[in-house]
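Below: the structure, in structure tokens.
The values are calculated or read from the model by the stated rules, or taken from the named source; none is laboratory data. Because the structure is a prediction, the values reported are computed rather than measured. Reconstructed Cβ throughout: ideal geometry from the backbone, glycine too, with neighbour counts over all protein chains shown.
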Amino acid sequence: MNLNRREFTKILSLAAAGGLAPSVFSKQRPETMYQLGNFGDARLMHFTDCHAQLNPIYFREPSVNLGFNQAFNKAPHLVSKHFLNHFNIQHGTPLAHAFSSLNFREEAKLYGKVGGFAHLKSLVDDLRNRFGHNKSLLLDGGDTWQGSGTALWTKGQDMVGACNLLGVDVMTGHWEFTYQDQQVLKNIKDFNGDFVAQNIRVKEDALFEGASAYDEDSGHRFKPYVIKELNGHRVAIIGQAFPYTPVANPSRFMPDWTFGINDLDMQEIIDEIKETEKTSAIVLLSHNGMDVDLKMASRVTGLDAILGGHTHDAIPQPVIVSNPSGKTIVTNAGSNGKFLAVLDLKFGTTGVVDFRYKLLPIFSNLIPANQEMLGYINNVRHPYKERLSKTLAVTDETLYRRGNFNGTFDQLICDALRQTNDTEIAFSPGFRWGTSLLPGQTITMEHVLDQTSITYPETYVREMTGTQIKSILEDVADNLFNPDPYYQQGGDMVRLGGLDYTISPTNNVGNRISEMRLDNGTLIDAKKVYKVSGWATVGSKSSGAPVWDNVASYLADKKKIKLTKLNTPKIIGLTNNKGIL
Amino acid sequence: MSLNRRKFISQLSKAFGISAIAVAFPNITWAAWHKQAFSTDKLSDAIELRYPGLAVIDSNDVTFKAPAIAENGAVVPVSVKTNIKNVKSISLFVEKNPTPLSASFNLSPRSIADISVRIRMGQTSKVYALVEADGKLHRAEKEVKVTIGGCGG
């Protein structure tokens, strides 16, 4: 069954009337999901991590998103019923479907696909029209130019065009940088908005060699911030690109640029803006990831809001963080084009005095497509249509990626790597992007590229000792579970095919992983050598075929996908943890 | 034709024989070299050899910048600055390096206490900045992680 628009609207308005809309301020009149009241003086719309999904897709939220220490049982580390209960969202409603993985298969069929730039544009235009163009801004948190076949083949240009049409005013980035520095600069030139990043500088030796910078004295490669006039109010938007881009992705793509969290520099910029710019609000457009944003909000003072991304957390209510001289609103707006966040700010003589926040799911069955955007998307995809629509297999499973330790699509990739390379073990990176498929769906080349389209897709086959395998798992586990968010990178655990293990997330680095076993139950021997295949190496370029070739040939060979085994670790220390069902 | 900066400076230095100066006084530059402190393999020994008998106090007046995760362990940019008066020297120690003392700057009374340097690190370690002033060592520390990277979201 698939609901038509009228039935859908009816369900929504019933949900809203029951006070079930995700609103901090529940006392206003019942409203349908997309008709927000006008509040305040400025409207900041925000989307992030769309990963180049121009068309509507299915996207399953994680059922495992563990938090420990300060993050224990707090947003964003809540899943399924814990998440819904925390945010007071009634089970079995469209909102429950948007924000959780509960009954994903049935409800995805019922409510249909989410996102899509044509639908997003209709909503953005409507929100601008109702509130006023002169006091509305659209912000893009980055990871916009990567994640689809067409984005890869056009080097992000399809997305630059779509964002221009959508009317993005300001953006920052992460995966954008994997197209190589010169391409990044070219795309930014074609982008009609401002690209901001306070935490990217040109390395001193590169400057010395004549590399260009936005400001040669400070070394900033891009504008650190931009001031936007909204109906007479000046609002500063500071950019924070993903701080660990050259660590999490190959640094060879941006050899002259250095990144980092740099919160001391952030404070200096905020202080400078306060002193010189006469702003009504200072907002950080961040690609830090939510845990890093929460820590930064507690250390840096003077930010009214941090509009965050990177960790793909769809959080319906902001977290208010206290710091030495004030409070900061921290949000995270999901991924894959599934959500649009709306932050309405009210100004007084001292700056922001009140706000409203909504994270709106984009149900594509509910919002009509904007015809101009639809035409653009069809046009830009046209040359690639045949390659994208090539059918490979039919899935019997729900295929998805999100989750701390594994996803069914990752298992499929690992199985494909093991079979095509004839290895005992396969590694696949813990990316958080990649769309979902429902049982019975045909897997096309486009779906494979939605999981794999990166600029370093080359596969490898290597011999590794048990010790080396353990050290890789330990290293990645620390990037996920280090108690200090500034030492995390925001991805998930490396995915494994043919290997199970036990993990104690709260142990120190080097002591989290134990009991590594092959699929046949044999314990991994520290000194023994194993044949391992994988892809997406960040060091030097690997020599094998791009991973989508391995996956496509595996799928074409299998024709029907039914997973025989999901390599899942045994997790120690989960007592009362609401980050897992 | 336009010269880039490195070529320009290298031509300048050739023209004025600047490169010759650098090799002319090696003994003077290296005279105050704390050889033992730089070659010992234990953090506490390195501190004691470099600063015999000085008391160490943790200080909020030392601004120590270092990346939480190094982009490249072979060249980790760090900087130390402070408003503390009468700074005589600033030293950097990497606990887990084979020889923990990585750099030591002797400052003249009129120098501004603001140094930056790149250090080499083999593995994740605490890095300490010690500022010597009026017979005391003012300490700031930061853990710098060296990782194989990859798998970013």
Taking residue A:191, is it at pLDDT 95 or above, under 22 Å from the mean Cα position of the chain (by Cα) and within 14 Å of chain B (Cβ to nearest Cβ)?
-> no
Residue that is crowded, with 16+ Cβ neighbours inside 10 Å, modelled with pLDDT of 65 or more and in a strand (DSSP E or B), where the choices are B:67, B:77 | B:77
Members of the stretch A:248-291 found to be among the small types (Gly, Ala, Ser) and within 25 Å of the chain's Cα centre (by Cα), listed by number = A:248, A:251, A:260, A:286, A:289
Those residues of the stretch A:285-308 which are assigned to a loop (DSSP other than H, G, I, E, B) and within 12 Å of another protein chain (Cβ to nearest Cβ), in sequence order | A:287, A:288, A:289
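Each row is one residue, and each column tells you yes or no for (1) crowded, with 19+ Cβ neighbours inside 10 Å; (2) touching a strand residue (DSSP E or B) at 6+ places or on another chain (Cβ under 7 Å).
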site	(1), (2)
A:56	yes, yes
A:91	no, no
A:102	yes, no
A:106	no, no
A:124	yes, yes
A:129	no, no
A:143	yes, no
Is at least one residue of the stretch A:358-374 at pLDDT 95 or above, of a type in the set (S, T, N, Q), closer than 19 Å to residue A:147 by Cα and under 23 Å from the mean Cα position of the chain (by Cα)?
-> no
Restricting the stretch A:402-433 to residues that are over 15 Å from the mean Cα position of the chain (by Cα) and of a type in the set (Gly, Ala, Ser), which is farthest from the other protein chains (Cβ to nearest Cβ)?
-> A:416
Cβ pairs under 8 Å, 6+ apart or interchain, first in the stretch B:69-87 and within 22 Å of residue A:476 (Cα to Cα) and more than 9 Å from every other protein chain (Cβ to nearest Cβ), second surrounded by fewer than 17 Cβ atoms within 10 Å (Cβ to Cβ) and small (Gly, Ala, Ser), ordered by first then second residue, are B:73/B:122
Selection within the stretch A:192-206 - in contact (Cβ under 8 Å) with a residue 24 or more places away in the chain and either more than 18 Å from residue A:139 (Cβ to Cβ) or not assigned by TED's automatic domain parsing to the domain that holds residue A:173 (or both) | A:201, A:202, A:203, A:206
Which residues, taken from the stretch A:303-341, are touching a Lys or Arg at 6+ places or on another chain (Cβ under 6 Å) and without any contact (Cβ under 8 Å) to a residue 40 or more places away in the chain?
-> A:320
State all residues of the stretch A:459-480 that are under 20 Å from residue A:432 (Cα atoms) and more than 13 Å from chain B (Cβ to nearest Cβ); if no residue qualifies, say none.
-> A:459
Single match in A:251, A:280 (criterion: assigned by TED's automatic domain parsing to the domain that holds residue A:331, hydroxyl-bearing (Ser, Thr, Tyr), touching a residue at least 60 places away in the same chain (Cβ under 8 Å) and over 30 Å from residue A:541 (Cβ atoms)) = A:280
Determine whether residue A:531 is under 22 Å from residue A:463 (Cα atoms), at pLDDT 95 or above and not polar (S, T, N, Q).
-> yes
Scanning the stretch A:434-458 residue by residue, the ones that are hydroxyl-bearing (Ser, Thr, Tyr) and within 12 Å of another protein chain (Cβ to nearest Cβ) total 1
Give the residues of the stretch A:249-284 that are of a type outside the set (S, T, N, Q), within 14 Å of another protein chain (Cβ to nearest Cβ) and part of a loop (DSSP other than H, G, I, E, B), sorted by residue number.
-> A:250, A:254, A:255, A:256, A:259, A:260, A:261
Test for residue A:102: is it in contact (Cβ under 8 Å) with a residue 12 or more places away in the chain, in contact with a helix residue (DSSP H, G or I) (Cβ under 6 Å, 6 or more places away or on another chain), among the hydrophobic types (A, V, I, L, M, F, W, C) and on the phi < 0 side of the Ramachandran plot = yes
Positions within the stretch A:431-477 being part of a helix (DSSP H, G or I), free of Cβ contacts under 8 Å to residues at least 60 places away in the same chain, surrounded by fewer than 22 Cβ atoms within 10 Å (Cβ to Cβ) and not hydrophobic (A, V, I, L, M, F, W, C), in sequence order | A:468, A:470, A:471, A:474, A:475
Is it the case that some residue within the stretch A:323-340 is part of a strand (DSSP E or B), in contact with a helix residue (DSSP H, G or I) (Cβ under 7 Å, 6 or more places away or on another chain) and surrounded by fewer than 21 Cβ atoms within 10 Å (Cβ to Cβ)?
-> yes
Report the residue count in the stretch A:489-527 for those that are more than 9 Å from every other protein chain (Cβ to nearest Cβ), touching a helix residue (DSSP H, G or I) at 6+ places or on another chain (Cβ under 7 Å) and either more than 21 Å from residue B:149 (Cα to Cα) or in a loop (DSSP other than H, G, I, E, B) (or both).
-> 9
Output yes when any residue across the stretch B:120-136 is surrounded by 15 or more Cβ atoms within 10 Å (Cβ to Cβ), within 14 Å of chain A (Cβ to nearest Cβ), over 15 Å from the mean Cα position of the chain (by Cα) and on the phi > 0 side of the Ramachandran plot, and no when none is.
-> no
Reported set for the stretch B:104-149 where residues are among the small types (Gly, Ala, Ser) and closer than 30 Å to residue A:508 by Cβ is B:122, B:125, B:129, B:140, B:149
Only one of (1) outside any helix (DSSP H, G or I); (2) modelled with pLDDT of 95 or more; (3) over 25 Å from residue A:345 (Cα atoms) does not apply to residue A:142, and that is (3)
Check the stretch A:484-491 and report whether any residue there is under 24 Å from residue A:99 (Cα atoms) and in contact with a Cys (Cβ under 9 Å, 6 or more places away or on another chain).
-> yes
Name the single residue, out of those in the stretch A:198-238 being among the charged types (D, E, K, R) and assigned to a strand (DSSP E or B), that is nearest to the other protein chains (Cβ to nearest Cβ).
-> A:201
Spot the failing condition for residue B:45; the list is (1) away from chain A (no Cβ under 13 Å); (2) under 17 Å from residue B:121 (Cβ atoms), and only one is missed.
-> (2)
